[in-house]
Amino acid sequence: MTALQGKVAIVTGASSGLGRAVALAYAREGAWVVVSDINPKDGDETVRQAKDSGANAIFVESDVSKPAQCERLVAATLDAFGRLDIACNNAGIGGEANATGDYSIEGWQKVIEINLSGVFYCMRYEIPAMLKSGGGAIVNMASILGQVGFAQSPGYVAAKHGVVGLTKTAAIEYATQGIRVNSVGPAFIHTPLIAAMEQDEAVNNYLVSLHPMGRLGKAEEVANMVLWLSTDKASFVTGAYYPVDGGYLAR
């Protein structure tokens, strides 16, 4: 039997990149997967790939910056599959690149609303559903920048630090109620989110130099950590932050 047989999982931001890799990892382990994103076309492609691995999967369009859409996402999951056992709250954006004194108010509000408030909104509705299902596992996608600073990214850094704190708080609150909550901190990973930076050879070389392993990460490497945290193999793990960073934070 596969590790997630009979489990129902939501993955936000699952149309590409890390979210797609997580959704497909869940599918390979037998979970029924709800693929969520604002991009229906690519979301449907994730569903197709999940079904190709033998899983049951559906797409639910949702913008995590809007609480009502997060509530609708969970309701659609329950309508389709009757329960919720796992959630990977992954949806996020990079935001604008500007120093704090020049960062736009609109840019700040957008990145905080999606990257931080969106995680809270999802958890706000996922947790009651999981309690009714007898417990579950939540993995929030933070970042190495949930632990350290990075120039020109005040909004992103603040949001990801917030995700780590929110994760710890929820983990404490529900530790005796069968819900585990952890966060994962990827370094720079080959995904559409950083594709533009990789096009500039000098920038790409700089990013690679930040990782002692001498390369950027792969989405599947992050998905493997998320998968482990979502299974019973991590049954005594909650409130933790796991970097997947090629040694970035070790310097």
- Tally of residues being of a type in the set (Gly, Ala, Ser), buried (at least 22 other Cβ atoms within 10 Å of the Cβ) and within 19 Å of GLY101 (Cβ to Cβ) across region 124-169: 3
- Message: So GLY19 passes all but one of these: (1) part of a helix (DSSP H, G or I); (2) closer than 26 Å to GLN177 by Cβ. Which condition number does it fail?
- Response: (2)
- Does SER117 qualify as being hydroxyl-bearing (Ser, Thr, Tyr), out of contact with any helix residue (DSSP H, G or I) (no Cβ under 8 Å at 6 or more places or on another chain) and either crowded, with 23+ Cβ neighbours inside 10 Å or more than 26 Å from ALA31 (Cβ to Cβ) (or both)? yes
- Name the one entry in ILE58, ILE10 that is out of contact with any Gly (no Cβ under 9 Å at 6 or more places or on another chain), part of a strand (DSSP E or B) and under 24 Å from VAL184 (Cα atoms). ILE10
- Message: Just to check your reading of the model, which residue among SER53, SER15, SER65 is of a type outside the set (A, V, I, L, M, F, W, C) and either within 18 Å of SER133 (Cβ to Cβ) or more than 17 Å from the chain's Cα centre (by Cα) (or both)?
- Response: SER53
- Selection from region 78-121 of residues that are assigned to a loop (DSSP other than H, G, I, E, B) and not aliphatic (A, V, I, L, M): GLY82, ARG83, ASP85, ASN90, GLY92, GLY94, GLY95, GLU96, ASN98, TYR103, SER104
- Within region 152-183, how many residues turn out to be out of contact with any Gly (no Cβ under 9 Å at 6 or more places or on another chain), part of a loop (DSSP other than H, G, I, E, B) and closer than 23 Å to SER117 by Cα? 1
- Note on the structure: The one condition HIS190 fails out of (1) surrounded by 15 or more Cβ atoms within 10 Å (Cβ to Cβ); (2) in contact (Cβ under 8 Å) with a residue 60 or more places away in the chain is (2)
- Can you find even one residue in region 138-145 that is in a helix (DSSP H, G or I) and not β-branched (Val, Ile, Thr)? yes
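Yes/no matrix, rows are residues, columns are (1) assigned to a loop (DSSP other than H, G, I, E, B); (2) crowded, with 24+ Cβ neighbours inside 10 Å; (3) in contact (Cβ under 8 Å) with a residue 12 or more places away in the chain:
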residue	(1), (2), (3)
TYR26	no, yes, yes
VAL33	no, yes, yes
ASP44	no, no, yes
ARG48	no, no, no
GLY54	yes, no, yes
ALA68	no, no, no
- Give the residues of region 221-240 that are within 13 Å of the chain's Cα centre (by Cα) and surrounded by fewer than 17 Cβ atoms within 10 Å (Cβ to Cβ), sorted by residue number. ASN224
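Every number in this text was worked out from the coordinates using simple rules, so none of it is lab data. The model shown is predicted, which means the values in this text are computed figures rather than measured ones. Because the Cβ atoms are built from the backbone with ideal geometry, glycine has one as well, and the counts that use them run over all protein chains shown.
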